[in-house]
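One structure is given here, and the rest of the page talks about it.
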Amino acid sequence: MGITADISIIVIAGLIGGLIAQQLKQPLILGYILAGIVVGPYTDGVTVTEVHDSELLAEIGVALLLFALGLEFSLKDLKPVRKELYAPLYQTQKQYGTLAQLQSAMHLLELTWIELPAGSSIIGQTIKELAIRSRTGASVVGVMRNGILHPNPGASYLFANGDLVAVMCDTQQLAAFNKLVGQEKT
C-alpha cells in the first residue's frame, strides 16, 4: 500500500471515529484521536504503512491550520484580551508602577563593561580613593572578578588586575572613565 491508501484509511477512520463520538455525545476530537490510535502503526489490524509520509503530511496540515488561524486573528482583537488577562497581575502590585517606569527608561541607561588593563592606574585603589563619581560622573554598578559578580560595590572596594568593571554613564562620562583607567580611545 502507498500513501494514497494510507490517506484513505486515515480519512475513513476519522469519519467513523467522529460519528461514534457524536453518537456518544462526546467531542469530535476525541473520536479523531481514538481513530488515530486505532490506525496507527503500533496497533494490529488495518494500519498506516507509510509512517514517515503520514507524519510529513500531518506537519504540513498543522502548519496550514496555524496559518489559517493566524489570518483570522488581528492584534487589535487580541489587545483587550491581554489587558483583561494580565490586569489583575499588575494592578494589585504596588511596585508595578515603579517597574513600568524603569522598563520604559531602560533604553535611556547605558551600561558598559570595561576590563582593567594590566598596569592601570586604578589597580590597588578603592572607589573612595579614586572619587570616580565626582571625577568622571560615571557610577560603578558592578565588578566581575574571577567569574564572580560583585554588584554595587561599596566605597572600600579595591580594584584588582583583570577586573571587569560595569559603569553606568553617558558617552562623555565613559570617555572620562576610560581616561582614568588608562584606556583612552584615540
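The values are calculated or read from the model by the stated rules, or taken from the named source; none is laboratory data. Keep in mind the model is a prediction, meaning the values are calculated, not measured. Every residue, glycine among them, receives a Cβ derived from its backbone with ideal geometry; neighbour counts consider all protein chains shown. Just so you know, the surface numbers come from the protein's heavy atoms only, side chains and all, with ligands and any DNA or RNA stripped out. Shrake-Rupley method; radii C 1.70, N 1.55, O 1.52, S 1.80 Å.
On the given criteria, is residue 31 touching a Phe, Trp or Tyr at 6+ places or on another chain (Cβ under 8 Å) and either farther than 16 Å from residue 61 by Cβ or in a loop (DSSP other than H, G, I, E, B) (or both)? Against the criterion (touching a Phe, Trp or Tyr at 6+ places or on another chain (Cβ under 8 Å) and either farther than 16 Å from residue 61 by Cβ or in a loop (DSSP other than H, G, I, E, B) (or both)), residue 31 does not qualify. Which one is nearest to residue 180 (Cα to Cα) among residues in the range 130-166 that are hydrophobic (A, V, I, L, M, F, W, C), free of Cβ contacts under 8 Å to residues at least 12 places away in the same chain and open to solvent by 60 Å² or more (accessible area, probe 1.4 Å)? By that ranking, first place goes to 149.
Do we find a residue being acidic (Asp, Glu), modelled with pLDDT under 90 and either part of a helix (DSSP H, G or I) or farther than 23 Å from residue 175 by Cα (or both) anywhere in the range 75-86? Walk me through it before giving the result.
The first filter runs over the range 75-86 and keeps only residues acidic (Asp, Glu), leaving 77, 84.
Filter once more, so that each one left must be modelled with pLDDT under 90: 77, 84.
From what is left, the residues that are either part of a helix (DSSP H, G or I) or farther than 23 Å from residue 175 by Cα (or both) are 77, 84.
Checked the range 75-86: at least one residue is acidic (Asp, Glu), modelled with pLDDT under 90 and either part of a helix (DSSP H, G or I) or farther than 23 Å from residue 175 by Cα (or both).
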